[in-house]
Structure formats: C-alpha cells, structure tokens
Amino acid sequence: MRKRIYEIIEKAAYEDRLSKMYDIFLIAAIIVSLIPLTFKHELWWFKITDKVTVTIFIFDYALRFITADYKYEDHSWKSFVRYPFSLMALVDLISILPSLTIMNNLFKLLRTFRLLKTISLVRATRVTKTIRILKTVRYSRSVPILGRVLRESRDAIVIVMLFVISYIFLTALIVFNLEPQVFRHFVDALYWSTLTLTTVGYGDIVPRTLIGKLITMCSSFVGIAVIALPSGILSASYISFLNRERESDE
C-alpha cells in the first residue's frame, strides 16, 4: 500500500495515469495558492482557498514522510529522520507554515524584539508564501538534468563565481573610498558594483569623479565577458550530457 502511494506521489511515470493526475492536482493547488499574492487587497474567498490549499500541502507532506523509506531505498528509521531535512521537504514545510497560527506568532515575536522592523506582519507572511512556487520544481523533468549539468561543471562555475564576487568587492571598495559623498554606505557601493558588472545600470547611484567613471566603464566591459562565461560553460556541459544520453540509448 505504501509503495503504491509512493509511486503516485512521486514524479509521474509515463504509463502511470493516477500519478499524472496527482501531479496535475498538486500543480493546480500551487497555482491557486499563489493567486492571492497577485492582489494588494485580501478578498473574502482568499481565506477559503488558502485553507483548502494548505490542507492539501499538509496531506502531501504527510504522504511523502510516511513513504520516505521508499524514496531513499532504506527501510530503516533513518529515512524518516533524514527526509524532513531534505531540500524539497524544507520547501514543503515553509510553504505550509505561513498559513498556520504558529508562523504568525513567530512573526509577532520577531517584531516584539525588533528583528522584523522593516516589513509588516502581513507582508512577511505573503513573502514567505512565494516559496510555494519552488514546489513545482518537483514535477519538472528538466530540473534533474540541469542539476546533473551543474554538478559536472561546478568547478568551472565556482571559479567564475569567485572571480565575480572578488571583482564586485574590489570595485566597490575602490569607489567607496574614492567617492564617500556618493556612496554613504558600503552596501551602496556593492549595489552599484553588482549592477554595473551585470550591465544593468539603473543609474540611481553613479560615480562623479573621472576615476570612478573609468572604473564603471571597465566594469561594464568585464561584465559582458563574465555573463558570457557561465552561459558557455553550461551550454557545453548540457550538449555533452545530451550526446552521452543519446549514445547510451543507442
């Protein structure tokens, strides 16, 4: 019985019609739960849909928990301890908590200790609910492929990311000390450096000195190359993966 439940709630096999229907049902529930977040004002029926969808999410979480031993192919108690700490289980839990009283009490406690000063209780709850969109990752067949591609090319990507972070920090440090009148906080300098390197350039914070403008120009040129590098690495890894898959099928 539990094995069949596991087959249904996991990503649908091509021939398993019931599993496909379950996937579609869960995706529909996720979409319905996100609709209220597209409105500024809360309508009366939003409370009903929230209660219904969170009940579905709790039921789904419970089913996945009781079949954790089939997921990890280990029929010992360790599987049930391991599952709640897995990435998707945490996403499921965070998707449920905003609709429960315990989460509202937590936000109130944070506001009491002034740890949640810049955002209201309602907004904090709404923002947390956006995590629900990550639940759809479970039903995508492309995500596992992307995960394998990222793992294969992680060394090259890590090197590029380290370069990007170092460059952002270095240029931010330079302009922060060159133009203290423009960049009042180091975070402002990091913000400017990131936007310049990614060639976004909103223009709300801009250097005024000649050296600052030269650094901006250099960062823009470097940004073009930096953005192209991860794309090239991932494209090459993805094509290599597809070619290996085709060869194995043959």
Qualifying residue in region 126-144 (condition: out of contact with any strand residue (DSSP E or B) (no Cβ under 8 Å at 6 or more places or on another chain), open to solvent by 90 Å² or more (accessible area, probe 1.4 Å), modelled with pLDDT of 85 or more and part of a helix (DSSP H, G or I)): no
Any hit, region 31-51, residues being surrounded by 14 or more Cβ atoms within 10 Å (Cβ to Cβ) and over 18 Å from THR130 (Cβ atoms): no
Qualifying residue in region 200-215 (condition: of a type in the set (Phe, Trp, Tyr), modelled with pLDDT under 85 and over 30 Å from SER240 (Cβ atoms)): yes
Unique match (being touching a residue at least 12 places away in the same chain (Cβ under 8 Å), among the hydroxyl-bearing types (Ser, Thr, Tyr), surrounded by fewer than 16 Cβ atoms within 10 Å (Cβ to Cβ) and assigned to a helix (DSSP H, G or I)) among SER220, SER237: SER220
The one condition in (1) more than 23 Å from the chain's Cα centre (by Cα); (2) farther than 20 Å from THR67 by Cα that ILE5 fails to fulfil: (2)
Breaking point among (1) under 23 Å from the mean Cα position of the chain (by Cα); (2) open to solvent by 30 Å² or more (accessible area, probe 1.4 Å), for VAL54: (2)
Single condition PHE80 does not satisfy, out of (1) at pLDDT 85 or above; (2) aromatic (Phe, Trp, Tyr); (3) open to solvent by 70 Å² or more (accessible area, probe 1.4 Å): (3)
Residue count, region 5-30 (criterion: part of a helix (DSSP H, G or I) and open to solvent by 90 Å² or more (accessible area, probe 1.4 Å)): 4
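Quick one: in region 146-197, which of the residues that are assigned to a loop (DSSP other than H, G, I, E, B) and either in contact with a strand residue (DSSP E or B) (Cβ under 6 Å, 6 or more places away or on another chain) or farther than 12 Å from GLY212 by Cα (or both) is most open to solvent (accessible area, probe 1.4 Å)?
Residues of region 146-197 assigned to a loop (DSSP other than H, G, I, E, B): 153, 179-185.
Checking which are either in contact with a strand residue (DSSP E or B) (Cβ under 6 Å, 6 or more places away or on another chain) or farther than 12 Å from GLY212 by Cα (or both) leaves us with 153, 181, 184-185.
Numbers: SER153: 8, GLN181: 103, ARG184: 186, HIS185: 116 Å².
Checking each candidate, the answer is ARG184.
The values are calculated or read from the model by the stated rules, or taken from the named source; none is laboratory data. Values in this document were obtained by computation on a predicted structure and should not be read as measured data. We place every Cβ from the backbone using ideal geometry, glycine too, and count neighbours over all the protein chains shown. Ligands, DNA and RNA are stripped out before the accessible areas are found, and what is left, the full protein with its side chains, is counted by its heavy atoms. Shrake-Rupley method; radii C 1.70, N 1.55, O 1.52, S 1.80 Å.
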